[in-house]
Amino acid sequence: MTAALDALASGAASILARPLTGGELESFDKYLKILQKWQKAQRLVGSTEPRWIVENLFLDSLLFTRVLPAYVRSLADVGSGAGLPGIPLKIVRPDMRVALIESRAKRASFLSAAIRELGLRDVEVLAGRVEEFVVARRQAFDAAVMRCAGDFHRIARTVAVLVMPHGPVIASGPPKDRRLEVGEWIEVAGAQAGTKRRFAIYRSP
């Protein structure tokens, strides 16, 4: 566990251009343990190995900060799953109001429990498909994020309704390059030295 937290501290400092605070590191440690505990009952992530979670989930989530505008104070995490990237972003940006949107009931239950155990404020779980919230939450957020672009041209236009005019909808890219019908690819340095990470970005009309 210590090796994993050391890797988190080192990787996060490189991504954020500042060291994690003691409170942030403690929150990540607690979040890691919550994921491991819940993984016994339901499959939330690909592995319970601490180093894998740190490198593939926590640090990968923090890479969103490299493309997320500094002015963002409210964020929608669409298809949040196990709280990624929303919870890691909230830990390092406590000033943000975050909504975790998740259609699967069991995962929404996990998110509610995780928020409670981590003591996170100004975080809510919206249990349902994103399409269910486009009317009630129209232009309610400065930005929206999601892991894995997938069918980005379809989902980006839907999610953009939640975002303020000209605000970004940001998705981490798939392993293989693909042409985007909407938006553009932005490439940034990855969490590991010498690696790259691509994000698809579409701005709401």
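The values are calculated or read from the model by the stated rules, or taken from the named source; none is laboratory data. Nothing here was measured: the structure is a model prediction, and the numbers come from that model. Ideal geometry is used to build each Cβ from the backbone, glycine not excepted, and the neighbour counts take in all protein chains shown. Heads up: the accessible areas ignore ligands, DNA and RNA and are worked out on the full protein's heavy atoms, side chains in. Shrake-Rupley method; radii C 1.70, N 1.55, O 1.52, S 1.80 Å.
Here is how the numbers come out for the structure above:
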{"item": "Test: residue in the range 140-152 that is more than 14 Å from Leu100 (Cα to Cα) and of a type in the set (Phe, Trp, Tyr)", "result": "yes"}
{"item": "Matching entry among Leu44, Leu75, Leu5, Leu68 (being modelled with pLDDT under 95 and under 16 Å from the mean Cα position of the chain (by Cα))", "result": "Leu44"}
{"item": "Number of the exception - Lys37 against (1) touching a helix residue (DSSP H, G or I) at 6+ places or on another chain (Cβ under 7 Å); (2) more than 28 Å from Ala200 (Cβ to Cβ); (3) not hydroxyl-bearing (Ser, Thr, Tyr)", "result": "(1)"}
{"item": "Unmet criterion (only one of (1) crowded, with 24+ Cβ neighbours inside 10 Å; (2) over 25 Å from Ala41 (Cα atoms)) for Leu68", "result": "(1)"}
{"item": "Extreme residue, least open to solvent (accessible area, probe 1.4 Å), among residues of the range 148-205 that are within 17 Å of the chain's Cα centre (by Cα) and at positive phi", "result": "Gly150"}
{"item": "The range 71-83: number of residues that are acidic (Asp, Glu) and either part of a helix (DSSP H, G or I) or surrounded by fewer than 22 Cβ atoms within 10 Å (Cβ to Cβ) (or both)", "result": "0"}
{"item": "Residue within the range 124-142 that is touching a residue at least 60 places away in the same chain (Cβ under 8 Å) and touching a strand residue (DSSP E or B) at 6+ places or on another chain (Cβ under 6 Å) present", "result": "yes"}
{"item": "Residue that is surrounded by the most Cβ atoms within 10 Å (Cβ to Cβ), among those in the range 127-147 that are over 22 Å from Val92 (Cβ atoms) and either touching a Lys or Arg at 6+ places or on another chain (Cβ under 8 Å) or of a type in the set (D, E, K, R) (or both)", "result": "Arg137"}
{"item": "In the range 14-63, residue farthest from Val145 (Cα to Cα) [restricted to those that are small (Gly, Ala, Ser), open to solvent by 40 Å² or more (accessible area, probe 1.4 Å) and part of a helix (DSSP H, G or I)]", "result": "Gly22"}
